[in-house]
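Enquirer: Quick one: this structure, given as structure tokens, is what I'll be asking you about.
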Amino acid sequence: MTATTFDIKSIIRPNILALKPYRCARDDYSTGVLLDANENAYGPALNPSSEAAVSSSGLDINRYPDPHQHDLKNLIAKFRNIQGGPENFFLGVGSDEVIDMLFRVFCVPGKDAVLITPPTYGMYSVSAQINDVQVHKANLTLDGQFQLNVEEIERQVAAHPNIKIIFLCSPGNPTGSALSHDSMKRVLTMPNYKGIVAVDEAYVDFIDAGKEGSTATWVKDYPNLVVMQTMSKSFGLAGVRLGIAITSPETAFYMNATKAPYNIASTTSRVAQEALQPKGLEILHNHIAIMVQERERLLEAFKSISGLGRVLGTNDSNFVLVEILDKEGKPSNDRALKIYTDMASRQGLVVRFRGTEIGCEGCLRITVGTPEENDVVIRRLTEQLSS
Ligand SMILES: Cc1ncc(COP(=O)(O)O)c(C=O)c1O
């Protein structure tokens, strides 16, 4: 899809197209004696020496936050090498808000549909149901690699012209597989598809250097692309809730027009901006290197635990997806579920049972933890599988 063939106005919900966005008190004047937004000029009701007051000092948290977040968007644009700037961004309360926003902007409830590629992240379907939008599926290849079946995607799109969003997850959850760039380009350029392609890159920073990485810089070439990222994973900031959409200025415009005016808290913005400073980025890269190294150590250790089967996917993430085998050597949901429950309820080790996802029979998804936590994983799995 090129800028000349993509017509965003034809796929935006008519009510959003007609929307006159809310104008914030600060859109016109933002300095002076501010008695325009019914804020509390006396300051926050916090003990001044409390941790909460100290850590938010200088943020004027009695005031509404910046609705546009240009400084934060500029920092992300620089970090991700995005040509352009704030106009290419929508920021949300986690990528979960970004996902929901795509539904709200593009899908007419009770009429439109989306396409997902199972096994995949559960929130696409949950958001679809919340927004009363149908879900169609084109499974990933179930050969353990979990790549796109582009022909099936084409078939689904041809059969369901009401599909407005195709969700691709790269690296995938729970698969851990980065999708090939070539296959994603094929989806982005399908001649008969008029909708949006949303590439969820929550785990993109864990892809090894030298492999195909982020698609974020493609937004200048593909007007139908929305790349979703988050500060919850590699940045270690799940608690601040910052999700990111990188897209064309037109798509970003409608997403921003639809959001609640002050969705990004001052505290969230401050922490995120700090993480994007040189020291934060140095820590980020150190943490990623250790997590990748620990992931490889777990994978190596798994080879000598009898009762573990294949490690599925291509391990481009901060978790691994591994099969639990029964005594006959077959992947077993019963045994995986028993081990999962036993470890969580008796041994205080919580992983995720993913055996009911298509192509993941008998699988546990295990997040890479600290070296000590990973030692516990190795020890517990060895014990569990020897009994
Ligand atoms: C693929 C994927 N996308 C998005 C999210 C949600 O991220 P956030 O914390 O930014 O809402 C997750 C969280 O697990 C995820 O696995």
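The values are calculated or read from the model by the stated rules, or taken from the named source; none is laboratory data. Computed from a predicted model, the values in this text were never measured in an experiment. Heads up, the Cβs are rebuilt from the backbone with ideal geometry, glycines too, and the neighbour counts pull from every protein chain shown.
Enquirer: Just to be sure before I move on: is P67 assigned to a loop (DSSP other than H, G, I, E, B), touching an Asp or Glu at 6+ places or on another chain (Cβ under 9 Å) and either within 16 Å of the ligand (Cβ to nearest atom) or over 21 Å from S269 (Cβ atoms) (or both) in the structure I sent? Don't jump to the end; show me each part of the working.
Expert: Details: assigned to a loop (DSSP other than H, G, I, E, B): yes; touching an Asp or Glu at 6+ places or on another chain (Cβ under 9 Å): yes; either within 16 Å of the ligand (Cβ to nearest atom) or over 21 Å from S269 (Cβ atoms) (or both): no.
No, not satisfied.
Enquirer: So how many residues does segment 151-163 have that are buried (at least 17 other Cβ atoms within 10 Å of the Cβ) and not in a helix (DSSP H, G or I)?
Expert: Narrowing segment 151-163 to residues buried (at least 17 other Cβ atoms within 10 Å of the Cβ): 153-154, 156-157, 163.
From what is left, the residues that are not in a helix (DSSP H, G or I) are 163.
Here the count works out to 1.
Enquirer: List pairs: first in segment 152-167 and assigned by TED's automatic domain parsing to the domain that holds K194, second assigned to a helix (DSSP H, G or I) and of a type in the set (S, T, Y), Cβ under 6 Å, 6+ apart or cross-chain?
Expert: Short answer, once both residue conditions are applied: F167/Y124.
Enquirer: Okay, moving on. Take the conditions under 27 Å from Q277 (Cα atoms), in contact (Cβ under 8 Å) with a residue 60 or more places away in the chain and part of a helix (DSSP H, G or I) and apply them to L59. Does it pass?
Expert: Values: under 27 Å from Q277 (Cα atoms): yes; in contact (Cβ under 8 Å) with a residue 60 or more places away in the chain: yes; part of a helix (DSSP H, G or I): no.
No; evaluated as a whole, the condition is false for this residue.
Enquirer: Looking only at segment 235-288, which residues are in contact with a His (Cβ under 9 Å, 6 or more places away or on another chain) and either farther than 23 Å from N318 by Cα or crowded, with 19+ Cβ neighbours inside 10 Å (or both)?
Expert: Applying the first criterion (in contact with a His (Cβ under 9 Å, 6 or more places away or on another chain)) to segment 235-288 yields 235-236, 256.
The answer is F235, N256.
Enquirer: Okay, moving on. Exactly one of (1) in contact (Cβ under 8 Å) with a residue 60 or more places away in the chain; (2) closer than 19 Å to G172 by Cβ; (3) not in a loop (DSSP other than H, G, I, E, B) is unmet by T314. Its number?
Expert: (3)
Enquirer: So in segment 184-206, with the set limited to residues that are of a type in the set (V, I, T), buried (at least 22 other Cβ atoms within 10 Å of the Cβ) and outside any strand (DSSP E or B), which one is nearest to the ligand (Cβ to nearest atom)? Can you show your working first?
Expert: Within segment 184-206, the subset of a type in the set (V, I, T) is 187, 189, 196-197, 199, 204.
Right, trim to buried (at least 22 other Cβ atoms within 10 Å of the Cβ) and you get 187, 196-197, 199, 204.
Cutting the leftovers down to outside any strand (DSSP E or B) gives us 187, 204.
On the way: V187: 17, V204: 10 Å.
Here the residue is V204.
Enquirer: Quick one: S125 ticks every box in (1) within 16 Å of the ligand (Cβ to nearest atom); (2) touching a residue at least 24 places away in the same chain (Cβ under 8 Å); (3) surrounded by fewer than 20 Cβ atoms within 10 Å (Cβ to Cβ) except a single one, so which number is it?
Expert: It is condition (2) that S125 fails.
Enquirer: Every residue in segment 128-150 that is part of a helix (DSSP H, G or I) and crowded, with 21+ Cβ neighbours inside 10 Å, please.
Expert: Step one: filter segment 128-150 for residues part of a helix (DSSP H, G or I), giving 128-130, 150.
Listed by number, the list holds a single entry, A128.
Enquirer: May I pose another question? Would you please name the residue that is nearest to the ligand (Cβ to nearest atom), looking only at residues in segment 218-233 that are farther than 16 Å from K73 by Cα and buried (at least 21 other Cβ atoms within 10 Å of the Cβ)?
Expert: Filtering segment 218-233 for residues that are farther than 16 Å from K73 by Cα and buried (at least 21 other Cβ atoms within 10 Å of the Cβ), the one nearest to the ligand (Cβ to nearest atom) comes out as K233.
Enquirer: While we're looking at this one, here's another question. Among the residues in segment 42-51, are any within 16 Å of A260 (Cβ to Cβ) and not in a loop (DSSP other than H, G, I, E, B)? Break it down into steps so the answer makes sense when it comes.
Expert: Taking segment 42-51 and keeping what is within 16 Å of A260 (Cβ to Cβ), we get none.
No: zero hits.
Table: residues versus (1) in the same structural domain as F106 (by TED's automatic domain parsing); (2) of a type outside the set (V, I, T); (3) in contact (Cβ under 8 Å) with a residue 24 or more places away in the chain.
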{"position": "F235", "(1), (2), (3)": "yes, yes, yes"}
{"position": "L242", "(1), (2), (3)": "yes, yes, yes"}
{"position": "T258", "(1), (2), (3)": "yes, no, yes"}
{"position": "Y262", "(1), (2), (3)": "yes, yes, yes"}
{"position": "T267", "(1), (2), (3)": "yes, no, yes"}
{"position": "V271", "(1), (2), (3)": "yes, no, yes"}
{"position": "I288", "(1), (2), (3)": "no, no, yes"}
{"position": "R297", "(1), (2), (3)": "no, yes, yes"}
{"position": "G307", "(1), (2), (3)": "no, yes, yes"}
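Enquirer: Does T215 count as under 23 Å from A138 (Cα atoms) and surrounded by 21 or more Cβ atoms within 10 Å (Cβ to Cβ)?
Expert: Details: under 23 Å from A138 (Cα atoms): yes; surrounded by 21 or more Cβ atoms within 10 Å (Cβ to Cβ): yes.
Against the criterion (under 23 Å from A138 (Cα atoms) and surrounded by 21 or more Cβ atoms within 10 Å (Cβ to Cβ)), T215 qualifies.
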